[in-house]
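Have a look at the structure below, then the notes.
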Amino acid sequence: MNKNTIIGLVLLLGLFIGYSIYMSPSKEQQEAKKRYQDSLWVERMNQLMLDSIEQTNALRNQSVTHKEAEVAPIEEPLDADYGSFSLAAKSRHTEPVVIENDWYQIRIGSKGGKIESVRLKDVRTHDSLPLVLFDSDKSDVVFGFSFASNYLIFNTNDLYFESQTQADTIRVKGNDSVQIAMRLYPNKTAAEFDTTSYIEFLYTVRGNDYRTGLSVNFFNISNYIDRNQPTTTLTWQTDLFQQEKSIKNEMTASTIFFRDINEVNNLKESPDKGDSVFYSTQIKWISFKQQFFTSTLIADDYFSYATLVVNVPQNQTNKVLKNMKA
């Protein structure tokens, strides 16, 4: 890799969120209850993510030999724990959608409807391997919005979306663009989706742009999600992989940068220590930065607040530098 010619290639995951709050309280009521409601909501979201991780680990450790053994212990808890989204909670294998433009290749999976991996084209690591910013095949990638339905709390990261494109691989060049829709459907019956209602992740990929647009759309979904949610919480978490020859230099340079209304800030840069901060003011963008590359979320307007965490793994396997969470 020629570092003199590669100066901070940037992949910007542009986040253009259109989110409708149904039957919202008055502005005065929102201001009076905002901090209290938000603190409760964040606490519930964190507990949900912890429970989800524990459940996933438990399922991975199960060993079954009969089909009946696979279905029987899972069916009832799904109905009880996931309510109107129990069908979307059932694990299933579907081929991901691969989109390639002039600069990168991304893979969008059905679980969470999220971008599972990003590979930069025409760029290699120090040992001549493809340069991958993150990849769910190598480590967990979390990207999802929280929402409530009939007093149950969900995160889109844990539910399965349906792709609205028939193609498994899409290529776009130059000034052309393409949109890929991933939809999360609630139950119509115990065995059928209600395809007239959905939460949609609509991705826009342009041929000559490092940015990927994401619009989150809610269509005819008010009967399935609670209307009085004070906020919606986005969780983004991934591991950063070694790209450069000097792992110490890259470890030191890898951290989280973010911009508030006035200036750019960052968590501590360290080769062997993590850092965290709760930022209570509005944030325009959040960036998981490495030495020469970065993955960035840019809000169309702003994020109300954020908890940012950098962790250093105890055992550096699969060339993982640090774990980033926002």
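Only residues that are of a type in the set (A, V, I, L, M), under 23 Å from E95 (Cβ atoms) and assigned to a loop (DSSP other than H, G, I, E, B) were counted across region 163-190, and they come to 2.
Filtered by the rule that a residue be aromatic (F, W, Y), at pLDDT below 95 and within 30 Å of H126 (Cα to Cα), region 241-286 gives a lone residue, F241. Going by the conditions given, is S139 of a type in the set (G, A, S) and out of contact with any helix residue (DSSP H, G or I) (no Cβ under 8 Å at 6 or more places or on another chain)? Yes: the conditions hold for S139. Only one entry of R183, R171 meets the criterion of being of a type in the set (K, R), over 19 Å from A299 (Cβ atoms), surrounded by 18 or more Cβ atoms within 10 Å (Cβ to Cβ) and at pLDDT 90 or above, and that entry is R183.
When L152 is evaluated against the numbered criteria (1) of a type outside the set (D, E); (2) modelled with pLDDT of 95 or more; (3) surrounded by fewer than 17 Cβ atoms within 10 Å (Cβ to Cβ), which criterion, by number, is the only one it fails? Unmet for L152, out of (1) of a type outside the set (D, E); (2) modelled with pLDDT of 95 or more; (3) surrounded by fewer than 17 Cβ atoms within 10 Å (Cβ to Cβ): (2). Listed conditions (1) farther than 30 Å from P271 by Cα; (2) under 16 Å from the mean Cα position of the chain (by Cα); (3) not polar (S, T, N, Q) are all met by D226, apart from (2). When each of D135, D79 is tested for being among the acidic types (D, E) and modelled with pLDDT of 80 or more, the lone residue that passes is D135. So, of the residues in region 110-127 that are in a loop (DSSP other than H, G, I, E, B) and at pLDDT 95 or above, which turns out to be nearest to N249 (Cα to Cα)? Here the residue is K114.
Scanning region 268-293 for residues that are in contact (Cβ under 8 Å) with a residue 40 or more places away in the chain, out of contact with any Gly (no Cβ under 7 Å at 6 or more places or on another chain) and within 21 Å of D209 (Cβ to Cβ) gives I286, F288, Q290, F293. For region 134-152, the set of residues classified as among the β-branched types (V, I, T) and outside any loop (DSSP other than H, G, I, E, B) consists of V142 only.
The values are calculated or read from the model by the stated rules, or taken from the named source; none is laboratory data. Not measured: the values here are computed from a predicted model. Reconstructed Cβ throughout: ideal geometry from the backbone, glycine too, with neighbour counts over all protein chains shown.
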